[in-house]
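Notes follow the structure.
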Amino acid sequence: MPRPHRYRVMSQPPIKPRATLTQPATKLLPSSLWSELLGRVDTDKRLVILDMGHAMASTVCFFSEYRCQLNFIDLCAEPFIVTSDHELSHSQRVILMREVLKLAPSVKIDICLFWDVFNYLDDAYIEALIEALEPHISPATAALVINPRDSRCYLPFCRYGIADQDHFVQIDNIGAQPTVFARSQRELNNLIDYFAIDRGRLISEGRAEYLLFENRDIDKTDRSMI
């Protein structure tokens, strides 16, 4: 009789579980002021846009419909912000901000998207940023800010982009949220010097969106936009 075949069972290495990558949540955030900002800008000319957040694909796609120069500066990721040196003088902070902006002396900004950057800068760095920006701001410059509704509100840790004329894109950030410098509307308005909060609207999760325009003569005492 033929000898039966013997099968040798090979030991298998243990199966390592696959790493599960948590995808950051993405959603549309309705905006009441973005379309108004666009309506105040001369979109027939070549626009200069400064985005102070992450380079979002949705923002690039939106502005591809316009003739524009689109500049992204992820300010909160800059080393001098991440590991802030509190011994720096005001003039040293201004120099650092100018080096990051990398704008030609003659450039004037049409749209500045600050997003929530002011919430991650202390007063000294906000003042330095505003001074560094001043040569590039004109009466036609419009800016947008996302801020807590008041200094007691928690700020979601998100990155923002433009989806369409009525919506932003909001994506949850991954990792530890940096220190938040929560400020009231009045406190922020007093820090931004030649900018003034023109109007504000409440959005979700205890936040507000603000439109800023150059206004050096406005009385900022106890002005409430929302």
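What follows is calculated from the coordinates using simple rules that are stated; it is not laboratory data. No experiment lies behind these values; they were computed from the predicted model shown. All Cβ positions, even for glycine, are placed from backbone atoms using ideal geometry, and neighbour counts span all protein chains on display.
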For CYS158, list long-range residues whose amide hydrogen, built 1.01 Å from N in the peptide plane, is under 5 Å from its own amide hydrogen. ASN173
Under 17 Å from the Cα of LYS108, which aspartates and glutamates turn up, not counting those fewer than eight places away in the same chain? ASP42, ASP44, ASP51, GLU99, GLU131, GLU134, GLU214
With +1 at each Lys and Arg Cβ and -1 at each Asp and Glu Cβ, the charge dipole magnitude of region 99-207 around its Cα centre, to the nearest 20 debye, comes out at 260 debye
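Please state the relative contact order of the chain as a whole percent: Cα pairs under 8 Å, 6+ residues apart?
Details: 376 pairs, mean separation 54.1, N = 226.
Averaging sequence separation for qualifying contacts and normalising by length gives 24 percent for the chain.
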Assigning unit charges at the beta carbon (Lys, Arg +1; Asp, Glu -1) and nothing else, what dipole magnitude in debye, to the nearest 20, does the chain show about its Cα centre? 1700 debye
Where does helix 90-101 land angle-wise versus the long Cα axis of the chain, in degrees 0 to 90, nearest 10? 60 degrees
Positive dipole terminus of region 26-214, leading residue within THR59, ALA77, PRO139 (C-beta point charges): THR59
If amide H atoms are modeled at 1.01 Å from N in the peptide plane, then the residues at a separation of 5 or more from VAL107, or on another chain, having amide H under 5 Å from its own are none
Considering the options VAL107, CYS153, ASN173, tell which one lies farthest towards the positive end of the dipole of the chain, charges being +1 on Lys and Arg and -1 on Asp and Glu at the Cβ, about the Cα centre. ASN173
Would you mind checking which residues have amide H under 5 Å from LEU121's amide H? H placed 1.01 Å from N; only 5 or more apart, or other chain. PHE181
For region 201-206, take each phi angle, set θ = phi - 60°, evaluate the Karplus expression 6.51 cos²θ - 1.76 cosθ + 1.60, and give the result in whole Hz per residue in order, putting x for glycine and proline. 9, 6, 10, 6, 6, x
Using the Karplus curve 6.51 cos²θ - 1.76 cosθ + 1.60 with θ = phi - 60°, work out ³J(HN,Hα) for each residue of region 105-122 in order, rounded to whole Hz, and write x for Gly and Pro. x, 8, 6, 10, 7, 8, 10, 10, 9, 6, 6, 9, 4, 4, 6, 10, 10, 6
In sequence order, calculated HN-Hα J values of region 77-89 (Karplus, 6.51, -1.76, 1.60; Hz; x Gly/Pro): 8, 5, x, 6, 8, 4, 10, 5, 9, 6, 8, 5, 7
Take the Cα atoms of region 26-214, find their three principal axes, and give me the spread along each one in whole Å, biggest first. 44, 39, 29
I'd like the FRET efficiency for TYR154 and SER89, computed as 1/(1 + (r/R0)^6) with the beta carbon distance as r and R0 of 22 Å, rounded to 0.05. 0.10
For the chain, the longest principal axis of the Cα atoms and the Cα long axis of helix 123-133 enclose an angle in degrees, to the nearest 10, of 70 degrees
Quick check for you: which residues of region 114-139 have the amide N under 17 Å from the point 7 Å beyond the Cα of LYS45 toward its beta carbon? 135-139
